[in-house]
Amino acid sequence: MKDNGILAWVAYLALGLSLAGNLWFVGMPGWALIPAALAGWYLADLMSGAIHMYMDYRPCRSGIGLDRLYFYEGSRDSDEYRTLFGQTMRQIGPIERLVFDFKNHHPRPLALGRRNLWRQIGSTVIIATLPASLALNLLCWAGLRAGWPVPGWFTGGAIAFLLGGTFAQYFHGTLHRERNPWFIHLMRRLGLLMTPQAHNIHHETLARDFSTNSGWSNPVLNRVFAWVQRRGGMDRRGLEPY
Ligand SMILES: [Zn+2]
Ligand SMILES: [Zn+2]
């Protein structure tokens, strides 16, 4: 995804309007909205961790130069590197690119924090959260028309899930950046976002704490990871291109 172009603004606007529409369907909030929103926030964290775990350990396609990019020793601003990067990336699709990005993040974590918002969340919005939010609009609307309105707590929980999912890579980026907006600090203090110290455990081991939003789901996912590894999955050779 390139810089903030017209596509980015259209996508932001569409997502904003769609989420506002869903918020309208929530109606008068009852007490059930709070546990539902926390559950949605938990699920977004779980999703961020499960995808991260899969991408870290899924082997890159070999023989096309991804290993040369990963282990490149010269300057990454050089023409040689840029040419190599362009040639290699043209050979792979968006999923394989994402797999490479996740692995490349481990030795060079600061790069993620330097990226602009669209580079961080653009593909998530287009592929996942915008379609999901539009589907929720449709579900709420159809429910109202059929006389079976979707409960407000459910819609509220889904909105929390969509927000957490949309900004997952942005939140991950804030863990690798010194200066962050005030609301990030506030959300950390409230326990809604994890701290850089907590995320460091992932970078030191690459074998635990894959979730990067609140980190609430890490105890569960760590058990899942250990279970899969005991069965021969999650081979550490998948962590780097070869
Ligand atoms: Zn990782
Ligand atoms: Zn990280």
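The values are calculated or read from the model by the stated rules, or taken from the named source; none is laboratory data. Since the structure is predicted, the reported quantities are computational estimates derived from the model, not experimental observations. Using ideal geometry, Cβ is built from the backbone for each residue, glycine included, and neighbour counts are taken over all protein chains shown. All accessible areas refer to the heavy atoms of the entire protein, side chains included, with ligands and DNA or RNA removed. Shrake-Rupley method; radii C 1.70, N 1.55, O 1.52, S 1.80 Å.
Tabulated data for the structure shown
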quantity: Elements of type helices (runs of 4 or more DSSP H) in the stretch 22-98, at least 1 residues being hydroxyl-bearing (Ser, Thr, Tyr) and within 24 Å of Gly157 (Cβ to Cβ); calculated: 33-57
quantity: Failed criterion for Leu15 (all others in (1) open to solvent by 40 Å² or more (accessible area, probe 1.4 Å); (2) touching a Leu at 6+ places or on another chain (Cβ under 9 Å); (3) closer than 18 Å to Gly165 by Cβ hold); calculated: (1)
quantity: Hits in the stretch 213-242 - residues which are open to solvent by 60 Å² or more (accessible area, probe 1.4 Å), among the aromatic types (Phe, Trp, Tyr) and farther than 26 Å from Leu190 by Cβ; calculated: Trp227, Tyr242
quantity: Residue that is least open to solvent (accessible area, probe 1.4 Å), among those in the stretch 103-122 that are of a type in the set (S, T, N, Q) and in a helix (DSSP H, G or I); calculated: Gln120
quantity: Lone qualifier among Phe210, Phe225 - being part of a helix (DSSP H, G or I) and in contact (Cβ under 8 Å) with a residue 12 or more places away in the chain; calculated: Phe225
quantity: Members of the stretch 129-149 that are touching a helix residue (DSSP H, G or I) at 6+ places or on another chain (Cβ under 8 Å) and at pLDDT below 95; calculated: Leu144, Pro149
quantity: Criterion (buried (at least 18 other Cβ atoms within 10 Å of the Cβ), within 16 Å of ligand 1 (Cβ to nearest atom) and β-branched (Val, Ile, Thr)) met by exactly one of Val125, Val150, Val99; calculated: Val99
quantity: Count of residues meeting criterion [buried (at least 21 other Cβ atoms within 10 Å of the Cβ), within 16 Å of ligand 1 (Cβ to nearest atom) and part of a loop (DSSP other than H, G, I, E, B)] in the stretch 163-202; calculated: 2
